[in-house]
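Here is the structure we will look at, set down as structure tokens.
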């Protein structure tokens, strides 16, 4: 890809990247091939740490990325997984001196405290203004603000990205990164107009060639999705999350209506049920996370091709706005 002109925002400066685009943590999917491709294209790729079994696997994945790119990349820590220890995994990221870490779910303080003073940039995913303010107080270098449109685990308040982003921008002094409902350059430009300094995309990166762990049927389901193809599950246990609608999520919702609690749901919402769909393509024997933006996805490009398309969108938006 021709080295296009960089965009200058607080996020590109903070992370030393060419475009203010961050790849989401993507449980069980965000590994070296995807992370390196995103970083090579000019964004910040990430590895999903807590989907790996132990420190050795994480260290190997980090070293693999380093062989595939000399650009900055990050490691995501989804720490809200029913009390699973994470400190030993964070230490690996520190030892390997990765460029950035991001924290999703749970209280980010233990992770931020461990990383403090290392030079590693600290990003925290939030779904409410109060969480963003707290993250800044705890030492986050930037917050990623996810709206109700997003895929995977979201906030409890059902606030959309278009409303939440400027509210957070007005409430903190650190850079804000918009997430949820964004898949292209128009979404990036809209986020910048709202005061954000960059974007995070998750679902869009699943439908790329380098997301090699995602089964082809998963990518096909994203291509075929419309505005009614996603559904919120896990509300009844206080952990709302958006997934592709199928017979499995219908069963989950039926159980939630019966108020069975976590114990009654755990086999249906487990990582194993997730992997049956996303790895094996068993679409009626598990579930797959996806945001509403899946209705906007109509191809499976390489990451490089996706970034070229995004940059064309950016140029088009700039040209259009010049006429106002």
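The values are calculated or read from the model by the stated rules, or taken from the named source; none is laboratory data. Not measured: the values here are computed from a predicted model. Positions of Cβ are backbone-derived with ideal geometry, glycine not excepted, and every protein chain shown enters the neighbour counts.
Tell me the residue from 160, 155 that is at pLDDT below 95, assigned by TED's automatic domain parsing to the domain that holds residue 103 and more than 21 Å from residue 38 (Cα to Cα), please.
None of the others qualify; the one that does is 155.
Give the residues of segment 92-117 that are surrounded by fewer than 14 Cβ atoms within 10 Å (Cβ to Cβ) and over 29 Å from residue 164 (Cα atoms), sorted by residue number.
95, 97, 117
If you go through segment 148-179 one residue at a time, how many are assigned to a strand (DSSP E or B) and under 19 Å from residue 289 (Cα atoms)? Full working, then the answer.
Step one: of segment 148-179, the residues assigned to a strand (DSSP E or B) are 152-153, 176-179.
If we keep only those that are under 19 Å from residue 289 (Cα atoms) too, we end up with 152-153, 178-179.
Adding up the residues that qualify gives 4.
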